[in-house]
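Below is one structure, written out as structure tokens, with a few remarks after it.
Derivation of every value follows stated rules applied to the coordinates shown; laboratory data play no part. Since this is a predicted model, take the numbers as computed values, not measurements. Virtual Cβ from ideal backbone geometry, glycine too; neighbours counted across all protein chains shown.
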Amino acid sequence: MVITRENNSAYWALRLALGLVPLIAGIDKFLNYMVDWSRYLNRNILDVIPINASSFLHIVGAWEIIIGLAVLLGATRSFGYIAMLWFWAVTIDLLSIGRYFDLALFEAGLSLGAFSLARLTAARSSVVLIREVEPQYPRRVA
């Protein structure tokens, strides 16, 4: 792959967006400033796990912070796929509630962006730089 200005800017746009979105959402799981996140949690999950909604959302928030920081710090090849799976888990949760289909669609779109980031990172790492060098001819002794 040849790195161009266009695919380099796409890489950085995806990296920033897919790093900042989980990071900010993860921090807000502790603050509940933007929204009451427990609204988006399927109550059947709480029947399976031995903790309350608040504690579960704090674990979710910590995981989102880790994903966001890893992507921002450059671990985009592996964490792109991890973020993709995470966004699909959120999509499935939202669909299982039977509401918030708009947010489920948004999360599914983010998962495709995360997949694209992982693939673009893999393509960027397969770049081979070829440097042209002057041929070295033996010196003539006069």
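Key figures for this structure:
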item	result
Local net charge near F101, Cβ-Cβ under 15 Å (Lys/Arg +1, Asp/Glu -1)	-1
Theoretical ellipticity at 222 nm over the chain - DSSP helices of four or more residues, -39500 (n - 2.57) apiece, nearest 500	-24000 deg cm²/dmol
Spin-label model distance (nm) - I59 vs A17, 7 Å beyond Cα toward Cβ	3.1 nm
Net charge contributed by nearby residues that have their C-beta within less than 15 Å of R119 (K/R +1, D/E -1)	+3
Residue exposure sequence - F115, F87, F101 - by fewest surrounding Cβ within 10 Å	F101, F115, F87
Highest to lowest packing among 70-79, 43-52, 7-16, scored as the average C-beta count within 10 Å	70-79, 7-16, 43-52
Projected area averaged over orientations for the chain, convex hull of C-alpha atoms, nm²	12.3 nm²
Label point at S96 placed 7 Å out along Cα→Cβ; residues across the stretch 107-124 whose backbone nitrogen lies under 17 Å	107-108
Spacing of the two label points (7 Å from each Cα toward its C-beta) at N7 and L103, in nm	3.6 nm
